[in-house]
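Worksheet: the structure to be examined is printed underneath.
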Amino acid sequence: MTTRVEMIIETLKENQDKKFTAQELAQEFIQRYPIEIAEKQTNPNYDTKEKLIAQLAAEIGGDRTINAKRKCPNIATRDTPRPRIYYWDNNPQLQTVDDSQSGNDEPEIDTPLISQSYSEHDLYPMLMTYLHKDLGLYCLRVDERKSKNTVGNGGNHWLHPDIVALELLDREWNETVRSCVRSSNDSSVRLWSFEVKKHLTRGNVRKYFFQAVSNSSWANLGYLVATGLNSDVESELHMLSSLHGVGVLILNTDSLFDSQILIPAKEKTNVDWQSVNRIVTENRDFHHYIEQVGIYNQTGRLIESAWNR
């Protein structure tokens, strides 16, 4: 069975006159490797071509790209301007590779190489940039240092998420419709929640996932965010997500706009306002977030300066 690393190398070698984004490479994989991709297509989480391509594109980035470059110095990427471009370099610069990492038949290695240089706090502004510019969300950081900490040391780790966001559903609606919705019990917004971690491993995946479940229970959509994950945790994530509805987003720190939603969250129709009320009383940043959501719901006015910080 051809691995993703081998797919990257073989596809670029056969297309030396072309350059690809991660999604374009994913489309090539579907054509070139129907047997390998067929197993992925049986997963109900990838029941459309768009979802399948998004998943394959997420698998291309991060550690697999690094491993492909180690195994074949002709593999090259261009990270600016975005999105990241993959191509075959016929004149690669000589590189020194650790012998312990250059075996031809070694299995793919899943280690948090990219995320090592970043702390979780470093990832917050990166995530907000991606969410705002790529998904159109309005984001705010919820700083745990601004919580009252009435539940004891570390208690707020299981109370509120790292990033919250507002999605405006009515920006393109006719003003008559917008006014009608504002005066009814229907909502013209979605509330999002994001719990951020550096890297997911077999040892931490359940703890981090259930922290995201706890901290996102109030929102329409909740996500666990990481810069990468070990290959042996993906099936666990799909199982947990199918049970609890929290999605998984892989943040590409090398090229933000190659970030991918690995597992889409299941939308909850209603916000849990009882839980919202509890968090509002505990944290000033979350209070500010709900205040701004209320202003938009009541008036249709978005205060741009209050968001994405």
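Each reported figure results from applying straightforward, stated rules to the coordinates on display, with no laboratory input. If you're wondering where the values come from, they're calculated on a predicted model, not measured in any experiment. In this analysis, Cβ positions are derived from the backbone assuming ideal geometry, glycine residues included, and neighbour counts consider all displayed protein chains.
The figures follow:
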read-out	value
GluC sites (Glu not before Pro) within the range 153-262: DSSP coil, no more than 16 neighbouring Cβ in 10 Å	E172
The chain - charge dipole about Cα centre, Lys and Arg +1 at Cβ, Asp and Glu -1, debye rounded to 20	860 debye
More than 20 Å apart - percent of Cα-Cα pairs taken over the range 174-244	43 percent
C-alpha long axis of helix 234-244 to longest principal axis of the chain, angle in °	20 degrees
Cα shape, the range 242-290, gyration tensor, a/c 1.5 rule	oblate
Gain on full stretching of the segment that runs from E14 to R171 - 0.36 nm per residue minus C-alpha separation	52.0 nm
Isotropically averaged projected area of the range 203-309, using the convex hull of Cα atoms (one quarter of hull area), nm²	8.4 nm²
Length released on extending from S183 to R278, taking residue separation times 0.36 nm less the Cα-Cα span	31.6 nm
Shape call, the chain: gyration tensor on alpha carbons, a/c limit 1.5	prolate
Share, in percent, of DSSP beta bridges within the chain that are antiparallel, nearest 5	65 percent
The chain, relative contact order [Cα under 8 Å, separation at least 6], %	18 percent
Relative contact order computed over the range 4-91 (Cα-Cα under 8 Å; 6+ residues apart), in percent	43 percent
Cβ-derived FRET efficiency at R0 30 Å, E50 paired with S217, nearest 0.05	0.60
I37, I263 arranged by Cβ crowding within 10 Å, fewest neighbours leading	I37, I263
Low-density loop cleavage sites - trypsin sites (Lys or Arg not before Pro) in the range 151-260, where at most 15 other Cβ are within 10 Å (DSSP)	R171, R202
Cα-projected label distance for R78 with S231, points at 7 Å along beta-carbon direction, nm	3.0 nm
Debye log10 I(q)/I(0) at q = 0.15, 0.18, 0.19 Å⁻¹ for the range 4-91, Cα point scatterers	-0.52, -0.74, -0.82
Helix-only CD estimate at 222 nm, as mean residue ellipticity for the chain, using -39500 (n - 2.57) per DSSP H run (n ≥ 4)	-12000 deg cm²/dmol
